[in-house]
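Peer 1: This is the structure I want to talk about, given as structure tokens.
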Amino acid sequence: MKPVTYRSAKQWLRTICVAAVTLVVLLTAGLLAATQAPPTLKDAFKGSFLVGAALDEAQFTEADARSAALVKAQFNAISPENVLKWEVVHPEPDRYNFGPADSYVAFGEKNHMFILGHTLVWHHQTPAWVFQDDQGHPVDRDTLLKRMRDHIQTVVGRYKGRVNGWDVVNEVLADDGTLRPTPWLTIIGEDYIAKAFEFAHEADPQAQLYFNEFSLENEAKRNGAVALIKKLKAQGVPVTAVGLQGHYRMDWPSLEQLDATIGAFEQLGVKVMITELDLDVLPAATQYSGADISLNLPLQAKLNPYANGLPDSVQTALAKRYADLFGVFLKHRGNLTRVNFWGVDDAQSWLNNWPVVGRTNYPLLFDRNGQPKPAFDAVIQTAASAGK
Ligand code: G3I
């Protein structure tokens with residue numbers, strides 16, 4: 001063996017020092033890169049719940065490349081804003097239009113996202129022919145049930161094992177918690193809801209199935225929903241989760257109302273999801289606080305005060321309101337499994353055109369240029385403070 005001389009020991013020491021310095025430099029660079037990576041919603045809430053957004057066609061076809069990139073960076077769940085509604089996907093008795101929905105599902109699969117289907121049974125955006133015979137008279141119960149089953153089998157069946165969860169029924173309750181009077185109810189009767197879930201389960205036994213509704217934070221409507229879900233569960237109807245749409249205002253619902261609502265459904269043993277989150281910052285055009293899309297009120301300047309930009313004070317209030325809402329969502333993590341925004345940026349939001357057409361609203365976390373707003377930072381900060 002060669003003796004260790006003073007000279008070779010010095011060389012070894014130098015080599016070790018150089019290696020150590022290199023390691024420290026590399027580690028520091030890595031750490032810096034990691035701390036400088038822009039925060040994302042999906043990472044901030046990893047382990048708590050999925051964070052999703054409703055997409056329009058330009059986003060999931062990537063025709064709007066900027067917005068598609070933002071979706072890929074920020075979200076791990078997607079909803080189709082319109083392309084799986086009956087009038088779009090099944091406009092005529094013997095004609096399905098699956099092109100847009102196929103692109104939507106392909107986008108979700110390519111990006112390994114949780115893919116939602118919205119929606120199977122709704123009173124809006126359902127063509128009149130569904131409820132009528134050739135003479136334009138209402139069809140009977142059996143005919144409508146058959147049409148409903150065929151539609152669900154065809155649509156859910158096509159995406160079996162690919163669409164992970166479906167809004168099976170949408171907005172079936174009136175504000176007082178009773179069943180909304182729709183052709184579905186009048187022609188089929190109360191069991192149309194159970195039937196819709198059964199048909200969907202038949203078509204894809206693995207898919208999650210949701211009861212989606214707005215304004216359940218109001219007590220009367222919530223009580224109606226609780227009674228209905230209890231009944232459906234007792235009958236063995238496969239309801240996986242209740243979707244709270246989450247079309248909120250700055251002053252509604254209160255955090256207590258929201259907390260109590262999520263809690264009420266948790267106690268029934270169903271999961272809860274926020275399915276269509278946005279925050280309307282504009283003056284209320286009506287006393288009505290729901291999301292009934294048939295409302296259309298005249299445009300007046302006093303109802304559109306932020307046409308040239310959102311004042312800092314409102315921007316700050318919006319950020320705080322979002323942070324507060326996410327504080328409640330985090331309290332229920334585990335039972336609350338997804339928070340889905342209704343749109344990606346402010347330009348896309350339906351709230352620019354409801355209940356008044358042509359206003360400038362600011363309901364989401366990204367501005368009209370796809371840039372994160374202070375509300376985005378506040379939501380990320382809420383996750384960080386909760387140890388997420
Ligand atoms: O399909 C036509 C298109 O061919 C035409 O070029 C265009 C021009 O006006 O209109 C298109 O249809 C519109 C569609 O959005 C796509 O832009 C409909 O008129 C319009 O009514 C429809 O509005 C959607 C609304 O549901 C009704 O389906 C909104 O984008 C969508 O955000 C909204 O989403 C609903 C949820 O499904 C259920 N919960 C409430 C939520 C907000 O209303």
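The values are calculated or read from the model by the stated rules, or taken from the named source; none is laboratory data. Please read all numbers here as calculations on a predicted model, not as lab measurements. Note: ideal-geometry Cβ built from the backbone for every residue, glycine included; neighbour counts use all protein chains shown. In case anyone asks, the SASA skips ligands and DNA or RNA and just uses the protein heavy atoms, side chains included. Shrake-Rupley method; radii C 1.70, N 1.55, O 1.52, S 1.80 Å.
Peer 1: Please specify each residue of the stretch 297-345 satisfying the condition of being buried (at least 22 other Cβ atoms within 10 Å of the Cβ) and assigned to a loop (DSSP other than H, G, I, E, B).
Peer 2: Result: TRP342, GLY343, VAL344.
Peer 1: May I ask you to verify whether GLY358 is small (Gly, Ala, Ser) and closer than 28 Å to GLN381 by Cα?
Peer 2: Taking the combined requirement at face value, the residue does not satisfy it.
Quick grid of which residues meet (1) open to solvent by 10 Å² or more (accessible area, probe 1.4 Å); (2) more than 16 Å from the ligand (Cβ to nearest atom); (3) part of a helix (DSSP H, G or I); (4) in contact with a helix residue (DSSP H, G or I) (Cβ under 6 Å, 6 or more places away or on another chain):
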site	(1), (2), (3), (4)
PHE199	yes, yes, yes, yes
GLU202	yes, yes, yes, no
GLN206	yes, yes, no, no
LYS221	no, no, yes, no
ALA225	no, no, yes, no
LEU228	yes, yes, yes, no
ASP259	yes, yes, yes, yes
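Peer 1: Right, another one. Could you list all residues from the stretch 82-100 that are in a helix (DSSP H, G or I) and more than 12 Å from the ligand (Cβ to nearest atom)?
Peer 2: Hit for the stretch 82-100 is GLY99, nothing else.
Peer 1: Something else about it: Among the candidates SER385, SER294, SER289, single out the residue that is surrounded by fewer than 21 Cβ atoms within 10 Å (Cβ to Cβ) and more than 27 Å from ASP176 (Cα to Cα).
Peer 2: SER385
Peer 1: Within the set of pairs 6+ apart or on separate chains, which have a first residue in the stretch 336-357 that is in contact (Cβ under 8 Å) with a residue 12 or more places away in the chain, a second that is in a loop (DSSP other than H, G, I, E, B) and of a type in the set (D, E, K, R), and C-beta atoms under 6 Å apart?
Peer 2: Once the first residue is in contact (Cβ under 8 Å) with a residue 12 or more places away in the chain and sits in the stretch 336-357, its partners that are in a loop (DSSP other than H, G, I, E, B) and of a type in the set (D, E, K, R) give ASP346/ASP367; ASP346/ARG368; ALA347/ARG368.
Peer 1: Next question. For the stretch 70-86, enumerate the residues that are open to solvent by 10 Å² or more (accessible area, probe 1.4 Å) and more than 12 Å from PHE341 (Cα to Cα).
Peer 2: Those that are open to solvent by 10 Å² or more (accessible area, probe 1.4 Å) and more than 12 Å from PHE341 (Cα to Cα): LEU70, LYS72, ALA73, ASN82, VAL83, LYS85.
Peer 1: Continuing with the same structure: Any idea which residue in the stretch 234-257 is surrounded by the fewest Cβ atoms within 10 Å (Cβ to Cβ), counting only those that are under 19 Å from the mean Cα position of the chain (by Cα) and not in a loop (DSSP other than H, G, I, E, B)?
Peer 2: Taking the candidates together, the pick is ARG249.
Peer 1: Go through (1) touching a His at 6+ places or on another chain (Cβ under 7 Å); (2) surrounded by fewer than 16 Cβ atoms within 10 Å (Cβ to Cβ) one by one and return the number of the condition HIS90 breaks.
Peer 2: (2)
Peer 1: Quick one: count up the residues across the stretch 291-345 that are of a type in the set (S, T, N, Q), within 16 Å of the ligand (Cβ to nearest atom) and modelled with pLDDT of 95 or more.
Peer 2: Of all residues in the stretch 291-345, those of a type in the set (S, T, N, Q) come to 294, 296, 300, 304, 308, 313, 315-316, 335, 337, 340.
Restricting the remaining residues to those that are within 16 Å of the ligand (Cβ to nearest atom) gives 294, 296, 340.
Now narrow it down to the ones that are modelled with pLDDT of 95 or more: 340.
Looking only at that region, the number is 1.
Peer 1: Going by the structure shown, is ILE274 touching a residue at least 60 places away in the same chain (Cβ under 8 Å), among the aliphatic types (A, V, I, L, M), open to solvent by less than 30 Å² (accessible area, probe 1.4 Å) and within 16 Å of the ligand (Cβ to nearest atom)?
Peer 2: Yes, satisfied.
Peer 1: Going through the stretch 144-171 one residue at a time, which ones are more than 25 Å from HIS112 (Cα to Cα) and open to solvent by 50 Å² or more (accessible area, probe 1.4 Å)?
Peer 2: Correct list: LYS146, ARG147, ARG149, ASP150.
Peer 1: Kindly indicate which of THR126, THR143 is among the β-branched types (Val, Ile, Thr), modelled with pLDDT of 95 or more and away from the ligand (no atom under 16 Å from the Cβ).
Peer 2: Details: THR126 fails: away from the ligand (no atom under 16 Å from the Cβ).
One residue alone meets the criteria, THR143.
Peer 1: Also, quick follow-up: Out of SER79, SER103, SER67, which single residue is touching a residue at least 60 places away in the same chain (Cβ under 8 Å), more than 17 Å from ASP167 (Cα to Cα) and within 16 Å of the ligand (Cβ to nearest atom)?
Peer 2: Exactly one of SER79, SER103, SER67 is touching a residue at least 60 places away in the same chain (Cβ under 8 Å), more than 17 Å from ASP167 (Cα to Cα) and within 16 Å of the ligand (Cβ to nearest atom), namely SER67.
Peer 1: Hey, another quick one. In the stretch 55-91, what residues are of a type in the set (D, E, K, R) and in contact with a Ser or Thr (Cβ under 7 Å, 6 or more places away or on another chain)? Step through it out loud before you land on a result.
Peer 2: Here is the first cut: in the stretch 55-91, the ones of a type in the set (D, E, K, R) are 56-57, 62, 64, 66, 72, 81, 85, 87.
Within the stretch 55-91, LYS85, GLU87 qualify.
Peer 1: Scan the stretch 147-195 for residues that are within 16 Å of the ligand (Cβ to nearest atom) and not β-branched (Val, Ile, Thr) and report the count.
Peer 2: Counting residues in the stretch 147-195 that are within 16 Å of the ligand (Cβ to nearest atom) and not β-branched (Val, Ile, Thr) gives 10.
Peer 1: Right, next: Considering only the stretch 346-369, state which residues are open to solvent by less than 10 Å² (accessible area, probe 1.4 Å) and either away from the ligand (no atom under 16 Å from the Cβ) or in a strand (DSSP E or B) (or both).
Peer 2: VAL356, LEU365, PHE366
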